[in-house]
4 protein chains.
Amino acid sequence: MKLNCDMGESFGSWSKGMDAEVMPYIDMANIACGFHASDPMTMDLTVRMALDNKVEIGAHPGYPDLLGFGRRDLTCSAQELKMIVTYQIAALDGICRVNGTRISYVKPHGALYNKMMQDADVLTAVMAGVADYNRELALVVLAKSDRDAVERLADAKGLQLLFEAFADRAYDDNGNLVKRNQPGAVLQDQQQIEQQVLEIVRQGKVTSLGGLSVPLKADTICVHGDNEQAVSAARHIRESIGVL
Amino acid sequence: MKLNCDMGESFGSWSKGMDAEVMPYIDMANIACGFHASDPMTMDLTVRMALDNKVEIGAHPGYPDLLGFGRRDLTCSAQELKMIVTYQIAALDGICRVNGTRISYVKPHGALYNKMMQDADVLTAVMAGVADYNRELALVVLAKSDRDAVERLADAKGLQLLFEAFADRAYDDNGNLVKRNQPGAVLQDQQQIEQQVLEIVRQGKVTSLGGLSVPLKADTICVHGDNEQAVSAARHIRESIGVL
Amino acid sequence: MKLNCDMGESFGSWSKGMDAEVMPYIDMANIACGFHASDPMTMDLTVRMALDNKVEIGAHPGYPDLLGFGRRDLTCSAQELKMIVTYQIAALDGICRVNGTRISYVKPHGALYNKMMQDADVLTAVMAGVADYNRELALVVLAKSDRDAVERLADAKGLQLLFEAFADRAYDDNGNLVKRNQPGAVLQDQQQIEQQVLEIVRQGKVTSLGGLSVPLKADTICVHGDNEQAVSAARHIRESIGVL
Amino acid sequence: MKLNCDMGESFGSWSKGMDAEVMPYIDMANIACGFHASDPMTMDLTVRMALDNKVEIGAHPGYPDLLGFGRRDLTCSAQELKMIVTYQIAALDGICRVNGTRISYVKPHGALYNKMMQDADVLTAVMAGVADYNRELALVVLAKSDRDAVERLADAKGLQLLFEAFADRAYDDNGNLVKRNQPGAVLQDQQQIEQQVLEIVRQGKVTSLGGLSVPLKADTICVHGDNEQAVSAARHIRESIGVL
């Protein structure tokens, strides 16, 4: 079970995230690519920080919306979606290349991630942008109760998937994420977060907000590095599930 | 002798250049990469247009300045310069890759091109951004009377150079370009333009604004596709120097 | 009956629209404000062109999306909407002021215009952005069969409305615009366009796509200056409805 | 003697500066206007924070360069400079207006500020952008030993000047700022900073890096709110020179 974390989300003189602090506790760094956050220098610094910590590097492409941090949906044609994905993952892969490494996976960001999990056309376009660039890259998708549709699309492209669970998000009785605007959607208690991670890791299940035990198979767990509390949570999760 | 032309300089809903019209007459398409012009969709369309016309594709990276179209100098550190070059060429190379091709060379744009011809540190940084990404890419530089310094830097990086002459720009008695703000700097007469191209192609020399015959060895000649007159000039040059 | 036209939609080195050609035939210039198009220099040039032609100046604010030209919906909070409207109209008003004039109305652009006509919360936020800046500015809204709701909101803000009809868009039997993706939505025939304008001007009605005569009261008619055909249409409409 | 501080330099989801913490200790808030930093929502929040603290509001316009935070010089024509100044100050003034207040002064940011103090053409263009918008606005300029040239230009425009000294920057024997890249250019010691402020406030002079007592007349002193140390310095300075 690998821990992934969004990284490299600074922009120019604006700093965001405690990348250096959280990097030692994660396995996979999802690095922003300049459309919703980051810039060539930030990408370079973050790639080198990941290399120093022997962390896998993935591209974290988003909608072209710096002001909205890629969190607002932007209507794009399928070809546009494919191209904004390819552009961003290739740019980061190039910066990896000058640093002697390569990206190994792609995890879309924010509104693009949410949209692809709701709209098969968007997911198909994203997959095309990844697979046509490099079929050996894995795509990170949300671990849901029903994964058949997503797997069929990935198989059609010959693309490997990594299903992702969240350490600090509540799940409903169907194994889907409780929406952020619902009460209890985000777990605050450190013990509860660790408990959820251990359930996912050891038993492939999660206890829903309603108290049910729901199956949830995941390949990677998303942690955060936004602030000291998040970094501390990541460290505890790392210690709970064992060394890298 | 190959003809190169700046391409793909539209942006979103703004169109620029007669790319479709000039493409049949050129050998090398310098495609903008999204920093001074272009966007993922424009890059994709332009790559496919180049493929249809069997035209080589090169990256045309510029300073991050859409409003100024990359024509204003922007002070950047050496590492920033390297990274903005790598970012852009990798992004275009990725869009080539999803279309079944690759870039084969790099020609910096506007103020970045001018700066690298004047400042060895900037040229070194640009070369690093190209060579560390892919040492097999050629770098297009201005054909000047004295090319030793540029060749030494390229040799140090193991980078191949393509020296570029201009069809419609006047040269001074030392074989350097007459500055744009000088009278006579830009040739307007179609016959004179063709005459200059033929001199460069057949005799490796150019007649300076002062009337001297000056040696000028070039691997490629830059033509333009900005308007109907430019396209017509490109067609005449193509016919003068022979088929592709 | 006044003719209004979108203007000043160039950006940096990218030119759009035949502003100089269409300006003599219109009464109101809707000038873009830098978020979906335009920039301070373009705004200044367009303001001066309007002054030279004794054309009223209005602000044409849009979503902050240059790449999408403000044609994609962007989810914004009410306060954000208010502020992006105020910011843009104030910026244009400032450029008017240094040129010795002022804006007299506001017409939102593209997706923002469409959204405010569909969503009362968005319309309320836009109205707040206009009225709290300057209650003497008029707001251009779409002339629809049912204008009560819009008028009530405007009255609450003490804001004057200008209802706008389209010269080249087909109307349905309810007096609403036929959607762009429907067949026949955009009138192509010059005579038909003039006929529609004359019906609106003289009789306060329009013949729907279904052949019905539908009441349509408008204060201003939107014409275009995108290309030679549009400019020609604007000239004919101007001649049909009489001098300025 | 008024304390001024750069404010509202967040951008979208990126936060910068401890505006809320430093606001109680200052008299004048220089609020960024969206070109080098800030956005309509940040401007609105910062304006309201200034109002709550009874702090004067000034516009802090910069070059259009978010990535470089307005710290890189950008070649612009005189008319462009004038228009980017007018655009930004009008936009902030509009946001003030919807909040029931107005800007009272303008202080250019970063590279634009430095350039205008070195280049009379740039200063003239900036002054035109301010004075033609509203001749009652004051312009903040660097307090230098020789202020004749600047005063002559301001008089020609009928513009009031506010001369600014720096609490934490060393001065040379001629009363000019020691360049940032020189040793000792930035004062670190809290006592030394307070000492310098008190000398400026009480005696209209400053002790140069070389130990000379140099006359320095200032109307306002620039303090910072970037971090806790800066806020603490601002508080001490406030206490030293007396209540608002």
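What follows draws every value from the coordinates through simple rules; no lab data is involved. For clarity, every value in this text was computed on a predicted model and none was experimentally measured. Using ideal geometry, Cβ is built from the backbone for each residue, glycine included, and neighbour counts are taken over all protein chains shown.
Things worth noting here:
- Shape class for region D:1-123: prolate, because the ratio a/c of the largest to smallest gyration tensor axis (alpha-carbon atoms, square roots of eigenvalues) is 1.5 or more and a/b beats b/c.
- Most mobile listed residue (C:Asp44, C:Asp119, C:Asp27) in chain C, GNM with C-alpha springs under 10 Å: C:Asp119
- One way to sum up the overall shape of region B:155-201 is the equivalent ellipsoid from its Cα gyration tensor, whose semi-axes run 25, 14, 8 Å, largest first.
- Pairs of lysine residues in chain D - Cα separation under 18 Å, sequence separation of 8 or more or cross-chain: 18
- Shape call, the protein assembly as shown: gyration tensor on alpha carbons, a/c limit 1.5: rounded
- Exercise: per-residue mean of other protein chain Cβ atoms within 10 Å, C:28-39: 2
- For region B:208-244, the set of trypsin sites (Lys or Arg not before Pro) satisfying both a DSSP loop assignment and a count of at most 12 other C-beta atoms within 10 Å is empty.
- Restricting attention to chain D, close to 20% of DSSP beta bridges with both partner residues there are antiparallel.
- With the largest listed first and rounded to whole Å, the semi-axes of the equivalent ellipsoid of region A:2-241 from the Cα gyration tensor are 26, 22, 16.
- Peptide B:78-90 has a mean shielding of 6, counted as Cβ atoms of other protein chains within 10 Å of each residue's Cβ.
- Residue-by-residue Karplus 3J(HN,Hα) for region B:146-159, coefficients 6.51, -1.76, 1.60, Hz, glycine and proline x: 9, 10, 4, 4, 5, 5, 4, 5, 5, 4, 4, 9, x, 9
- Value of [θ]222 nm, deg cm²/dmol, for the protein assembly as shown, DSSP H segments ≥ 4, -39500 (n - 2.57) each, nearest 500: -11500 deg cm²/dmol
- Among beta bridges identified by DSSP and lying wholly in the protein assembly as shown, the antiparallel ones come to about 20 percent.
- Whole-angstrom Cα spans of region A:157-242 along principal axes, big to small: 39, 30, 24
- P(r) tail fraction, region B:62-128 - alpha-carbon pairs more than 15 Å apart, %: 52
- Volume of the convex hull of region D:73-197 (Cα atoms only), normalised per residue: 127 Å³.
- Residues in region D:163-178 carry Karplus couplings, in order, of 7, 10, 10, 10, 5, 10, 10, 6, 10, 8, 5, 9, x, 9, 5, 5 Hz; the curve used is 6.51 cos²θ - 1.76 cosθ + 1.60 with θ = phi - 60°, and Gly or Pro positions show x.
- Restricting region D:24-103 to trypsin sites (Lys or Arg not before Pro) in coil, as DSSP defines it, with at most 15 other Cβ within 10 Å: D:Lys54, D:Arg102
- Net charge contributed by nearby residues that have their C-beta within less than 15 Å of C:Tyr105 (K/R +1, D/E -1): -2
- For peptide C:1-14, the mean count of partner chain Cβ atoms within 10 Å of a residue's Cβ comes to 3.
- The loop-placed trypsin sites (Lys or Arg not before Pro) in region C:118-181, going by DSSP, that have at most 10 neighbouring Cβ atoms within 10 Å of their Cβ come out as C:Lys179, C:Arg180.
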